[in-house]
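Please read the structure below before turning to the comments.
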Amino acid sequence: MSTPALRFADLFAGVGGFHAALRYSPLLRGECVYASEIDTACNDVYEVNYGARPDGDIWLVARSNPGLIPDHDMLCAGFPWTANPDPAWVPPGYQCAEVQ
């Protein structure tokens, strides 16, 4: 196997969308050096797909061990979703079935 061209950290990892894109890119051949995700169901899927279980809540992890994240070339962070978003961020006409 060739040496990874890119080392990345995967924060707010979800089920690993960034991981898949960077790892399987023939140009990048990324290696994930750290992953964090608060949702345990997502962690289950991530672990099955990539063989590594993400750490939990990054805020708690960072406070308890601020030097935990290894050196990396790219920091990826998925945008957190909430079923009840701040009205300032909701586009006009948007409706969420989970909120209604």
Work through the residues other than GLY16 whose Cβ is under 13 Å from its Cβ and net out their charges, Lys, Arg +1 and Asp, Glu -1. -3
Two-decimal log10 I(q)/I(0) for region 1-43, as the Debye equation yields it once each C-alpha is a single scatterer, q = 0.22, 0.28 Å⁻¹: -0.67, -0.92
Among residues other than ALA41 whose Cβ falls under 13 Å from its Cβ, what is the net charge (Lys/Arg +1, Asp/Glu -1)? -3
What does the extension gain come out to for ASN49 and LEU27, with contour length at 0.36 nm per residue minus their alpha carbon separation? 5.8 nm
Net charge of Cβ neighbours under 13 Å - reference ARG7; Lys, Arg +1; Asp, Glu -1: -2
Mean Cβ-within-10 Å packing, highest first, puts peptides 11-17, 43-49 in the order 11-17, 43-49
What percentages, rounded to whole numbers, describe P(r) for region 7-89 computed over all alpha carbon pairs with 10 Å bin width beginning at zero? 18, 48, 27, 7, 0
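Every read-out reported here was derived from the displayed coordinates using simple, explicitly stated rules and does not represent laboratory data. If you're wondering where the values come from, they're calculated on a predicted model, not measured in any experiment. Note that each Cβ is placed from the backbone with ideal geometry, even for glycine, and that neighbours are counted across all protein chains shown.
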